[in-house]
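Step one of this worksheet: look at the structure below.
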Amino acid sequence: MSDNTIVSTLSLDAEGFIGDNQTLSQSLTLGEHYTVWGSWKDNYLLTGFLEGEAVPARLNNDFDTYLQLFDANSGDFLFSNDDSNSGFNSQSLFRVEAGVNSLVGASSYGANITTSYSLSTNWVESSNFNSYYGYGLVNAAAAVALATGQSWLPEVADSFIYTWGLDRIKAPEVWAQGYTGEDVVVAVIDSGVDYTHQDLNDNIWLNSDEIFGNGIDDDLNGYVDDIRGWDFIDGDNNPQDLDIDGHGTHVAGTIAAENNGLGVTGVAYNAQIMPVRVLDEFGYSSLHSVAQGIYYAVHNGADVINLSLGGGYSYETQQAIQYATVLGVVVVMAAGNNSAAQPTCPAHLATDWGIAVGATDIYNQMTSFSHHAGSIPLDYVLAPGLDIVSTTPDDNYGYLSGTSMAAPHVSGVAALLLEANPFLSPGNVETIITSTAEASSIFV
């Protein structure tokens, strides 16, 4: 592993160009600009990218690669990556800055290497898809490291007993870097949320464009006095959780329960929860209500949508999820709880839009009730979903199990990613989460 030391240069010349979604196959040649890690380097000027665009860069071959990024105008070193997750290959992700012409440098960790390499700017998903567990257990630390151009995040010792899922997905490693979901809005489309709960009330989304109680649709979004979300069951502005199990409140707590020394802590404990009630007190709903809830979340600023629900196929719901994805909202869906060979609706849509999530237990074993990923590749990962403790209505806490409990772990990770790199598209988030998931630790 490198210590990221590099000899600065005054100017850099490009050996060629590399554009969006392109792969170059070359052999290392003697470069003019020596680094402490190798005297052989090729530089490529990035071209055709938009300001703010997230750019993945991968340098692959069977020697110990060393990927670098420079300011082409000043020659200043911006960052480097020796290897990704302990392999020979290097990868990083960065965003295009205004007024900066960037050079990607392909080189080796060791000197005197002149063999061939492949440099790409493609979003390439992991090929390790499994019909049972998809891409494996979600890894927040590896995902955020990739999203921020780092090789890895320092380990943090396990410290949670009851909320063991936080340690399993490596959320504390991300918190240690200062990422807690700040300013990210996660819509919980569910049975409602107890927005007065002591562990949630400070993290409830508020519609700042609405004046509460004046009986006027101030923001002209079609919903009167929707100060904290909407209830599509009763058709009013009170999305309070009336479910007999407190399902929506439980989901919300896993995502963003406050880090206040009370009860539990959420994966993204500074994110904002947008309550959208589409399930009645017995967990039933119309598919139309689910679709309307999705549209509401998109139109009112949600960055992530959590769908811990399932049912029959609905073209209207499919259109709503596609709409959300196209407009930049990450959609996370529970895979289902009937031990089926493939995800239920709408999680089966993760072939094209969103992420499907199955459940694991405290030992990283896939639960017996979880729907499998299926034979058709789709964005499917696992997260803790058995005996999960979280918030329940009236300032209470309780244990629930299901892929409904697994999905909010992934929604929380998506919130951490979007704080760490707000320029990520839903497709970027899906690819980062699946490509950094851990399959080796899963038991089936």
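A short reminder: the numbers here are calculations on the coordinates, not readings from a lab. Everything quoted here is computed from the prediction, not taken from an experiment. Cβ coordinates were reconstructed from backbone atoms using ideal geometry, including for glycine residues, and neighbour counts include every protein chain displayed.
Miscellaneous remarks
- Each residue in Arg168, Arg58, Arg277 was given a count of other beta-carbon atoms within 10 angstrom of its own, and listing them fewest first yields Arg58, Arg168, Arg277.
- Compactness of region 130-219 as Cα Rg over 2.2 N^0.38 Å, two decimals: 1.49
- The modelled label-to-label distance for the pair Thr196/Ser131, using points 7 Å beyond Cα in the direction of Cβ, is 5.2 nm.
- Stretching Ser116 away from Ser440 to a fully extended chain increases their span by 113.7 nm, per 0.36 nm per residue minus the current alpha-carbon distance.
- For region 330-444, convex hull volume per residue from C-alpha positions, Å³: 111 Å³
- With the simple model of a label 7 Å out from the Cα in the direction of the Cβ, Ala340 to Val100 spans 4.6 nm.
- Label zone at Asp352 (point 7 Å along Cα-to-Cβ), backbone N below 15 Å, region 287-320: 313-320
- Net length available on complete extension from Val326 to Asp218 is 36.2 nm, with 0.36 nm assigned per residue and the Cα-Cα distance removed.
- Least to most buried among Ile244, Ile18 (fewest other Cβ within 10 Å first): Ile244, Ile18
- For Met333, Met366, the sequence from fewest to most other C-beta atoms within 10 Å is Met366, Met333.
- Take every Cα pair under 8 Å whose residues are at least 6 apart in sequence, average their separation, divide by the length of region 283-355, and the relative contact order is 32 percent.
- Amide H contacts under 5 Å for Tyr133, placed H, 5+ residues apart: Ala373
- Based on C-alpha pairs under 8 angstrom that are at least 6 apart in sequence, region 140-436 has a relative contact order of 22 percent.
- Using only the C-alpha atoms, the convex hull of region 266-425 corresponds to 119 Å³ per residue.
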